[in-house]
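First the structure, in the form of structure tokens, and then the observations on it.
The values are calculated or read from the model by the stated rules, or taken from the named source; none is laboratory data. Not measured: the values here are computed from a predicted model. Quick reminder, even Gly has a Cβ in these numbers, built from the backbone with ideal geometry, and neighbours come from all protein chains shown. In case anyone asks, the SASA skips ligands and DNA or RNA and just uses the protein heavy atoms, side chains included. Shrake-Rupley method; radii C 1.70, N 1.55, O 1.52, S 1.80 Å.
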Amino acid sequence: MYALQELWRGNITPAERFVRSGSEYKETAKKLSDEVDRLMEEISPEVRKQVEAIDNLRADMTVLANEDYFIYGFRLGARLILDVVGDYKGQFYSPGEAG
């Protein structure tokens, strides 16, 4: 089946990935979570709400940035493919090509 058909049918979901157990990312995420939990226990409910609001805004910004990075990378990949398969007449020619 063609990749475009797979994409259309919802079988390709680039954003759906899972973190491997024992990976550096997983370990760092756990450390971050533990630190946030410790901090949240020590601050007042008012400050906790502010921290949560800031965290939510930062998460929203991360989603927007990741979406933009994905689109940029996809477009760049497509441009590279078009360069590879497109007609290019350079300064030199290979044996067998018309000079």
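Shape index of segment 15-99: Rg/Rh, with Rg the Cα radius of gyration and Rh the Kirkwood radius from the inverse mean 1/r over Cα pairs, equals 1.34.
Taking the charge dipole of segment 1-63 about its Cα centre, with +1 at Lys and Arg Cβ atoms and -1 at Asp and Glu Cβ atoms, the residue from ASN11, ALA59, ALA29 reaching farthest to the positive side is ASN11. Computed from phi, the 3J(HN,Hα) profile of segment 72-83 under the Karplus parametrisation 6.51, -1.76, 1.60 (θ = phi - 60°) reads 4, x, 5, 5, 5, x, 5, 4, 5, 4, 4, 5 Hz, with x in place of Gly and Pro. With θ taken as phi - 60° and the Karplus curve 6.51 cos²θ - 1.76 cosθ + 1.60 applied, the whole-hertz 3J(HN,Hα) list for segment 2-15 is 6, 4, 5, 5, 4, 5, 4, 7, x, 8, 10, 10, x, 7 Hz, x standing for glycine and proline.
Where the accessible area of segment 37-99 is counted over protein heavy atoms with a 1.4 Å probe, how much of it, in %, is carbon and sulfur? Summing carbon and sulfur atoms, their accessible area is 59 percent of the total for segment 37-99. Taken about its Cα centre, the chain carries a charge dipole of about 320 debye when Lys and Arg each add +1 at the Cβ and Asp and Glu each add -1 at the Cβ. Rolling a 1.4 Å probe over the heavy atoms of the protein chains gives the chain an accessible area of 101 Å² per residue.
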